[in-house]
Number of protein chains: 2
Amino acid sequence: MKDINKEKVVDGAKKLTALRGAMEKIADQVTEKGFENLLFTSAGGSLAALSPFCEMVKHMSTIPTFTEIPAELMVTGNPMITDKTVAVLTSKSGDTKETVAVAGWLKEKGVTVVSMCGEADSPLSKVSDYSVNYADAEPHDLLGIYFVGKLLQNHGDFEDYNVFADQLENLPEILVKTAEESVGVAEEYVSYFDPEDKEYQIWTASGNTWGHTYSMAMCVLEECQWLRTKSVHSAEFFHGTLEMVERNVLVCVGMGEGPTRPLDERVIRFAEGHTNQLVVFDTKTLSIPGIDEKYRWLLSPVLLWEMFARTYHHLADVRKHDMDIRRYYRRLNY
Amino acid sequence: MKDINKEKVVDGAKKLTALRGAMEKIADQVTEKGFENLLFTSAGGSLAALSPFCEMVKHMSTIPTFTEIPAELMVTGNPMITDKTVAVLTSKSGDTKETVAVAGWLKEKGVTVVSMCGEADSPLSKVSDYSVNYADAEPHDLLGIYFVGKLLQNHGDFEDYNVFADQLENLPEILVKTAEESVGVAEEYVSYFDPEDKEYQIWTASGNTWGHTYSMAMCVLEECQWLRTKSVHSAEFFHGTLEMVERNVLVCVGMGEGPTRPLDERVIRFAEGHTNQLVVFDTKTLSIPGIDEKYRWLLSPVLLWEMFARTYHHLADVRKHDMDIRRYYRRLNY
């Protein structure tokens, strides 16, 4: 397995923690203006990456919150969306067609639009009321943590947010440590691959790690590795997909430390008895230096993605299938 | 292909239309008591079957509405759930573990629980404030149409509901006609199967047909036929899964006549150019006698499922894989 580029990891983490003030300021402005509910919307992997925040708000707060798929929202509508709604969107390129379109659609309804983009002056950032550019720094989920954390603090739902946010200064060390500690599970996963085979695999998760796990299956394994996946919520797994598990069927679990952990444990107990290929990506195995026990679950999605990233880069190397090759995505008009 | 059992179809439809009054009465009682939002929750295929009603309310009404997976809801919580919430649940057996548990959990929060069960005096019906037993009559989705339709009428969002509900008296004829008109697509789908192969297939849909399509993939093809499926929302398809499409990859679209139809059409346009195996289950191809054009989309989920049922029974015959065989589901403790 390739060594990690520590310098790049540390640099990205520092750039993100430096944006704490910018995100908190937006949270304060939004709070001051007043709002009634919180929408997370974006296309594909970006919505998946925002979904943990919806779980966080649901679990910690009394603020009504929900997610929507942009293309569907624009034709179906949602009566909860009013001029008292705050919408959070993200797009790395800042020009994802449906995400830009829904931002405009929301603006027309008087919604306050907050976005996080990887490009300055992108179409998405231009249409937003508030936008922060994270350039190429990862994991940019951190910006959402600052924004939502501060919003919940302002709402009286996360009193000690400052303590947690201060601890996030340890992010550079946490990320390096996580990358090192992910080698074992990455190698275990890759060991199940026959490089010639387009293997079928089942991915499950729940709560605030469901989004990233869904994204690992769709935006990485399907889009970038052309591997056949089924992603299914850990609770839903028991209502059909379980019948697909048998010897030599790869089952992967993306497990965090939030309240839904028992749902994933149930999948693990079942899979242990019915396949020889079970891989559990569990953030509990990470040391996560400098973060109090009670905040760990809030970092589960971010750190799970780091485990995934270590894994898929290794997989791409072993399979000699470059992560950047696409047949269709953003190469054709559709 | 086997002939349909017309007598059974007509008998089931008549039993369901006879329950119109019971469902409308519950809607009236719930309206009179007053409520602020509407939750649809149940496990697996039952939640999938309820999800079209959430789409219906979002599109037609100003009532806030949302869905939740029971096992996740009970550990994560949702601040929108209060004693002013009406929850709708369904379970054929009436004893689905998570569904019964969440009904009790909701009752503790003062939520008004409405359920539809296929068994009288089931655990779910007993814990509900209002429950209707549909016995073995199908498609029992009709009960939800009566309940939600009347609720929206009471709320001022569906003035001509009575006209639509009166037209539903044509259900026996509609179902027989739909079964007859589904033979072509059922045979087309089955023609792509090599009986020896556990083929991989992609299923997409959106809006009010997404739930049933997701369910066709998980609760039928996975659970009852042990076939490998990926179900993906039509909008999400373009953010990863599209890369999986190539010659000899089966792509199926569950298409209705609601506002999200253009999302499915986009998948079709793409798939036509990249696979020789595209099957479109389109309710627009059905005659649906006695139903006005403007109401057809409300029946899309129900009639799509009839098309699916015709298809999977035929598939099971051809593959000689009995629909009732399970390895694990409800056979093991897990």
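The values are calculated or read from the model by the stated rules, or taken from the named source; none is laboratory data. Since we're looking at a predicted model, the values are computed, not measured. Note that each Cβ is placed from the backbone with ideal geometry, even for glycine, and that neighbours are counted across all protein chains shown. With ligands, DNA and RNA removed, areas are computed over all heavy atoms of the protein, side chains included. Shrake-Rupley method; radii C 1.70, N 1.55, O 1.52, S 1.80 Å.
So that you can scan it fast, the table gives a plain yes or no per residue for (1) open to solvent by less than 50 Å² (accessible area, probe 1.4 Å); (2) within 13 Å of chain A (Cβ to nearest Cβ); (3) in a helix (DSSP H, G or I):
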{"residue": "B:GLU257", "(1), (2), (3)": "yes, yes, no"}
{"residue": "B:GLU272", "(1), (2), (3)": "no, yes, yes"}
{"residue": "B:VAL279", "(1), (2), (3)": "yes, no, no"}
{"residue": "B:ILE288", "(1), (2), (3)": "yes, no, no"}
{"residue": "B:LEU299", "(1), (2), (3)": "yes, no, yes"}
{"residue": "B:LEU303", "(1), (2), (3)": "yes, no, yes"}
{"residue": "B:ALA309", "(1), (2), (3)": "yes, no, yes"}
{"residue": "B:ASP317", "(1), (2), (3)": "no, no, yes"}
{"residue": "B:MET323", "(1), (2), (3)": "yes, yes, no"}
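Looking only at residues in segment B:187-229 that are in a strand (DSSP E or B) and β-branched (Val, Ile, Thr), the one that is nearest to the other protein chains (Cβ to nearest Cβ) is B:THR229.
Note on segment A:233-255: among residues that are within 25 Å of B:GLY77 (Cα to Cα) and more than 7 Å from every other protein chain (Cβ to nearest Cβ), the one that is surrounded by the most Cβ atoms within 10 Å (Cβ to Cβ) is A:GLY254. Of all residues in segment B:114-126, which are crowded, with 20+ Cβ neighbours inside 10 Å and closer than 15 Å to B:ALA43 by Cβ? Of everything in segment B:114-126, those that are crowded, with 20+ Cβ neighbours inside 10 Å and closer than 15 Å to B:ALA43 by Cβ turn out to be B:SER115, B:MET116, B:CYS117, B:SER122, B:PRO123, B:LEU124.
The residue list A:ASP264, A:ASP292 contains one member that is over 19 Å from the mean Cα position of the chain (by Cα), within 28 Å of A:GLU180 (Cβ to Cβ) and either aliphatic (A, V, I, L, M) or modelled with pLDDT of 95 or more (or both), which is A:ASP292.
The condition of being hydroxyl-bearing (Ser, Thr, Tyr) and either buried (at least 21 other Cβ atoms within 10 Å of the Cβ) or closer than 24 Å to B:LEU50 by Cα (or both) holds for only one of B:TYR329, B:TYR334, that being B:TYR329. The set of residues from segment B:178-193 being of a type outside the set (D, E, K, R) and open to solvent by 70 Å² or more (accessible area, probe 1.4 Å) comprises just one member, B:SER191. Checking each residue in segment B:7-16 for being touching a Leu at 6+ places or on another chain (Cβ under 9 Å) and surrounded by fewer than 18 Cβ atoms within 10 Å (Cβ to Cβ) picks out B:VAL10, B:LYS14.
Does any residue of segment A:151-161 turn out to be in the same structural domain as A:LYS25 (by TED's automatic domain parsing), part of a helix (DSSP H, G or I) and of a type in the set (A, V, I, L, M, F, W, C)?
Checking segment A:151-161: at least one residue is in the same structural domain as A:LYS25 (by TED's automatic domain parsing), part of a helix (DSSP H, G or I) and of a type in the set (A, V, I, L, M, F, W, C).
Out of curiosity, is B:GLY184 more than 12 Å from every other protein chain (Cβ to nearest Cβ) and either among the aromatic types (Phe, Trp, Tyr) or assigned to a helix (DSSP H, G or I) (or both)? Yes; evaluated as a whole, the condition is true for this residue. Counted as qualifying within segment A:1-86 are the helices (runs of 4 or more DSSP H) with 1 or more residues that are within 14 Å of chain B (Cβ to nearest Cβ), namely A:45-60, A:70-76.
With touching a residue at least 60 places away in the same chain (Cβ under 8 Å) and part of a strand (DSSP E or B) as the only criterion, which of B:VAL132, B:VAL113 stands out? Result: B:VAL132 is the single residue among B:VAL132, B:VAL113 that is touching a residue at least 60 places away in the same chain (Cβ under 8 Å) and part of a strand (DSSP E or B).
Being under 26 Å from A:ALA217 (Cβ atoms) and either surrounded by 18 or more Cβ atoms within 10 Å (Cβ to Cβ) or in contact with a Lys or Arg (Cβ under 8 Å, 6 or more places away or on another chain) (or both) is a condition met by at least one residue of segment A:18-39. Open to solvent by less than 20 Å² (accessible area, probe 1.4 Å), within 24 Å of A:GLY45 (Cβ to Cβ), over 17 Å from the mean Cα position of the chain (by Cα) and at pLDDT 95 or above, is that true of A:THR209? The answer is no for A:THR209.
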